[in-house]
1. How about segment 64-85: which of its residues are surrounded by 11 or more Cβ atoms within 10 Å (Cβ to Cβ) and either among the acidic types (Asp, Glu) or touching a residue at least 12 places away in the same chain (Cβ under 8 Å) (or both)?
2. Could you tell me how many of the residues in segment 84-95 are part of a loop (DSSP other than H, G, I, E, B) and either on the phi > 0 side of the Ramachandran plot or not hydroxyl-bearing (Ser, Thr, Tyr) (or both)?
3. If you check PHE88 against the conditions, is it at pLDDT 95 or above, loosely packed, with under 13 Cβ neighbours inside 10 Å and in contact with a Phe, Trp or Tyr (Cβ under 7 Å, 6 or more places away or on another chain)?
4. Of all residues in segment 68-101, how many are in contact with a Lys or Arg (Cβ under 9 Å, 6 or more places away or on another chain) and aliphatic (A, V, I, L, M)?
5. Taking segment 67-87 on its own, how many of its residues are polar (S, T, N, Q) and touching a strand residue (DSSP E or B) at 6+ places or on another chain (Cβ under 8 Å)?
6. Evaluate the following for PHE47: is it among the aromatic types (Phe, Trp, Tyr) and at pLDDT below 95?
7. With the requirement that a residue be under 26 Å from LEU98 (Cβ atoms), of a type outside the set (A, V, I, L, M, F, W, C) and outside any loop (DSSP other than H, G, I, E, B), what does segment 43-83 give you?
Amino acid sequence: MAENKPITKEDLAEQLAKDGRMQKGEALRAVELIFAAIAKGLVDPDFGSVKVAGFGTFSLVERPGRVGVNPSDPTQKIQIPPSKAVKFKASKTLKDLLNDR
């Protein structure tokens, strides 16, 4: 099975420049501003989630601390501290697109 190539910010900017009829530098800046706004929305205590209509919702979740296993020495237990992670829930529109409905 061939390995798929991920889409990068530069790829998104090229598509935006082509479809939006703008310079590639402007498009790259727009892409960077969008991702910065998503990140800011996730860490802002007034929000905590970012909803993009027709695409999905990004939300911040707290993962509790737990006991894990040291991969280099499976007999050794290690304490994994609590952390935050980003969760994504696809919208119905996106799910339908992915499932060819």
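The values are calculated or read from the model by the stated rules, or taken from the named source; none is laboratory data. Fair warning: this is a prediction, and the values are worked out from it, not measured in the lab. Please note: Cβ atoms are built from the backbone with ideal geometry, for glycine as well, and neighbour counts cover all protein chains shown.
1. Those that are surrounded by 11 or more Cβ atoms within 10 Å (Cβ to Cβ) and either among the acidic types (Asp, Glu) or touching a residue at least 12 places away in the same chain (Cβ under 8 Å) (or both): GLY68, ILE80.
2. Initial filter on segment 84-95 (part of a loop (DSSP other than H, G, I, E, B)): 91.
Filter once more, so that each one left must be either on the phi > 0 side of the Ramachandran plot or not hydroxyl-bearing (Ser, Thr, Tyr) (or both): none.
The number of residues fulfilling the criteria is 0.
3. Here the answer is yes, as PHE88 does meet what is asked.
4. 3
5. Of the residues in segment 67-87, 4 are polar (S, T, N, Q) and touching a strand residue (DSSP E or B) at 6+ places or on another chain (Cβ under 8 Å).
6. Numbers: among the aromatic types (Phe, Trp, Tyr): yes; at pLDDT below 95: yes.
When the stated conditions are applied, PHE47 passes them.
7. Listed by number, the residues that qualify are SER49, LYS51, GLY56, THR57, SER59.
Let's see how each residue does on (1) among the β-branched types (Val, Ile, Thr); (2) farther than 23 Å from ALA90 by Cα; (3) surrounded by 14 or more Cβ atoms within 10 Å (Cβ to Cβ):
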site: ALA13; (1), (2), (3): no, no, yes
site: ARG29; (1), (2), (3): no, yes, no
site: GLU32; (1), (2), (3): no, no, no
site: ASP44; (1), (2), (3): no, no, no
site: VAL52; (1), (2), (3): yes, no, no
site: SER59; (1), (2), (3): no, no, yes
site: GLU62; (1), (2), (3): no, no, no
